[in-house]
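Asker: The structure under discussion is supplied below as structure tokens; questions concerning it will follow.
Every read-out reported here was derived from the displayed coordinates using simple, explicitly stated rules and does not represent laboratory data. Since we're looking at a predicted model, the values are computed, not measured. Cβ sites come from the backbone with ideal geometry, for glycine too, and all protein chains shown count toward neighbours.
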Amino acid sequence: MNSLCAVLMFVASVADDPKMPTRWDFEDATVGKLPADWSATQTGAGDGSVWKVLEDATAPQGKKVLAQTAAKAPSGLFNLCVADKSKFADLDLSVAFKAVAGKKDQGGGPVWRYQDAKNYYVVRMNPLEDNFRLYKLVNGKRIQLATTADDVVAAEGKWHTIRVVHQGKRIQCYLNGKLHLDVQDDTFQEAGKIGLWTKADAQTSFADIVIRKPQ
């Protein structure tokens, strides 16, 4: 059994055990390509959503990251990369991200309870706007559920962590360990995939995705 198969079997096995975390760190993925069982897609029309594994010695876990690398995309395009075999409803999800570049937009965040490219939840940090926001996408329409009341700073070129705890209707979103958003919504009640999200030309790296059973 090669190392990639072993890692994939490990991820699959722990996903079935609520006492164990599920983790993606991309260390066995090939640089310049998508990881196995991940797919790039998008919400909206236009060129963009180019995802690949890159090496980054500053990554918080290992030396490889999954990055959205397209430098040009329409303002209304949402870049998505989804873990094809994931399926979660209630979860405690964390992911590290680093905003690398972007003139129209920067940063990004995780998606979850993903049904398809037009229906999912997403929370994102935008270093250009200094805000942290939770949205749902319903039939392709983005609807804001919550935003920070004051400016929240997450510097470009630095690693930060977003955490989401979704249990039943309650959604709590943390940035760098601090709870900022706490709302209730029951639009998507069924389990769905998890993934990563950026907007327009936001070039962002992601690493150390961990999913646990919420307490």
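Asker: Within the set of other residues whose C-beta is less than 15 Å from the C-beta of PRO35, count the net charge using Lys and Arg as +1 and Asp and Glu as -1.
Answerer: Value of the local net charge: -1.
Asker: Under the rule of -39500 (n - 2.57) per DSSP H run of 4 or more residues, summed and divided by the residues of the chain, what mean residue ellipticity at 222 nm is obtained, to the nearest 500 deg cm²/dmol?
Answerer: The per-residue figure over the chain is -2000 deg cm²/dmol.
Asker: Do the alpha carbons of any pairs in LYS104/LYS141; LYS33/LYS72; LYS33/LYS104 sit beyond 21 Å of each other, and which pairs?
Answerer: Flagged as over cut-off: LYS33/LYS104.
Asker: Additional query: At 0.36 nm per residue, minus the direct Cα-Cα distance, what do ASP37 and ASP84 gain on full extension? Give it in nm, one decimal, please.
Answerer: On the way: separation 47, 0.36 × 47 = 16.92 nm, distance 0.54 nm.
16.4 nm is the gain from fully extending ASP37 to ASP84.
Asker: How charged is the neighbourhood of GLY62? Take every other residue with its Cβ under 10 Å from the Cβ of GLY62, and add Lys/Arg as +1 and Asp/Glu as -1.
Answerer: Spelling it out: positives minus negatives among the neighbours equals -4.
Asker: Straight-line reach from LYS63: which aspartates and glutamates fall under 17 Å, measuring Cα to Cα and dropping same-chain residues less than 8 apart?
Answerer: Counting by Cα, and skipping residues close in sequence, LYS63 has these aspartates and glutamates nearby: ASP25, GLU27, ASP28, GLU55, ASP208.
Asker: Show log10 I(q)/I(0) for the chain at q = 0.18 Å⁻¹, two decimals, from a solvent-free Debye sum over equal Cα scatterers.
Answerer: Relative scattering, expressed as log10 I(q)/I(0), comes to -1.38.
Asker: Separate question: What is the stretch 129-215 by shape, rounded, prolate or oblate, if you read a ≥ b ≥ c off the alpha carbon gyration tensor as root eigenvalues and call it rounded for a/c under 1.5, prolate for a/b larger than b/c, and oblate otherwise?
Answerer: Note, shape of the stretch 129-215 comes out rounded.
Asker: Magnitude of the Cβ-charge dipole of the chain, K/R +1 and D/E -1, about the Cα centre, nearest 20 debye?
Answerer: Roughly 220 debye, rounded to the nearest 20.
Asker: Could you order peptides 150-157, 195-202, 32-39 by the average number of other Cβ atoms within 10 Å of their residues, highest first? Working shown, then result.
Answerer: On the way: 150-157: 12.6, 195-202: 26.4, 32-39: 15.6.
With the highest mean Cβ count within 10 Å placed first, the list reads 195-202, 32-39, 150-157.
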